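One structure is given here, and the rest of the page talks about it.
No lab work stands behind these numbers, since they all come straight from the coordinates. Bear in mind that the values here come from a model prediction, so they are computed numbers and not experimental data. When we count neighbours, we look across all protein chains shown, and the Cβ atoms used for this are built from the backbone with ideal geometry, even at glycine.
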Amino acid sequence: MAEREFECIQRQLVSLRRENRFLKVGLIFCLVLSALPYLTGFQPTVIRASKVVTERIEFVRDGKTVMSIVAHPKVNGLVIQDKNNLPAVCVNRYQYGGAMGVYNRSGNIAALMGALPEGGALSAYNNAAKPVAMMSALPYGGSISLRDNKMHEFVAVDATPFGGRIEIKDLSGQTLWSAP
């Protein structure tokens, strides 16, 4: 009787081994089949998501990053960077308004436009990122200012509800002409 039980146990072991092999081969086949689209380079063209959390979005051409979008390092906003990670454009949001800036090829600010609840401002900068032209428009008036490379104001135009002023100065800051 013990011999019969031993043969029965052996047959069950052989059956379990065959079943085990079949399950292993089936599992490998399923893994290969499920990974096949990714192994062949298939990439979905549309990705749907209700929320995406990321630190950087890269735009790639021929396998190389040509532009990217990142969070502004100092304020609430976004920076579009070129292939060298230098800023090209920024968009910022403040408590009472926002701003948009454009950078030159060196990564220095070239122009900045700001919006406030009651007006706005526009500034142009030289290659060293120093303001050379500024214009503001507010409810109580506006102004235009031109400066040289050393930040000396040489033209100023102010307008208020009560009148205006135009002033031209020399390099030392002395008024050469003004009206009125």
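Provide the per-residue ³J(HN,Hα) series for segment 31-36, in order, calculated from phi with Karplus coefficients 6.51, -1.76, 1.60 and θ = phi - 60°, each as a whole number of Hz, with x at glycine and proline positions.
5, 5, 4, 6, 8, 4
Quick one: Karplus J couplings for segment 141-152, per residue in order, coefficients 6.51, -1.76, 1.60, θ = phi - 60°, nearest Hz, x for Gly and Pro?
Values, residue by residue: x, x, 8, 9, 9, 10, 10, 8, 5, 9, 6, 7 Hz.
Any chance you could check the Cα centroid distance between segment 140-164 and segment 52-118 for me, in angstrom?
29 Å
Within the chain, how many lysine pairs that are 8 or more places apart, or on different chains, have C-alpha atoms less than 23 Å apart?
6
Under a Cβ-Cβ cut-off of 12 Å, what is the net charge of the residues other than Gln10 that fall near it, where Lys and Arg count +1 and Asp and Glu count -1?
For residues surrounding Gln10, the net value is 0.
Pick out which of Val32, Val91, Val157 has the largest mean-square fluctuation in a Gaussian network model of the chain, springs linking Cα atoms closer than 10 Å.
Comparing Val32, Val91, Val157 in the GNM, the peak value goes to Val32.
As a test of the formula, what do you get for the chain when each DSSP H run with n ≥ 4 contributes -39,500 (n - 2.57) and the sum is divided by the residue count, at 222 nm and rounded to the nearest 500 deg cm²/dmol?
-8000 deg cm²/dmol
Looking only at Gly97, Gly163, Gly120, which one moves most when the chain is put into a Gaussian network model with springs between Cα atoms under 10 Å?
Top of the fluctuation ranking is Gly163.
Hey, if you put +1 on the Cβ of every Lys and Arg and -1 on every Asp and Glu Cβ in segment 74-169, which of Val91, Ala133, Val157 ends up farthest toward the positive end of that dipole?
In segment 74-169, that residue is Val91.
Apply the Karplus parameterisation 6.51 cos²θ - 1.76 cosθ + 1.60, with θ equal to phi minus 60°, to every residue of segment 125-140 and state each ³J(HN,Hα) to the nearest whole Hz, in sequence, with x for glycine and proline.
So the Karplus estimates, Gly and Pro as x, are 10, 7, 5, 8, 6, 9, x, 10, 9, 9, 9, 9, 9, 10, x, 8 Hz.
In a Gaussian network model over the chain where Cα atoms closer than 10 Å are linked, find which of Ile47, Ile57, Ile69 has the largest mean-square fluctuation.
Ile47
Enumerate the amide H contacts of Ala88 below 5 Å, restricted to partners 5 or more residues apart or on another chain; note that Pro and chain-start residues carry no placed amide H.
Counting only residues 5 or more places away or on other chains, the set is Ile80, Gln81, Asp82.
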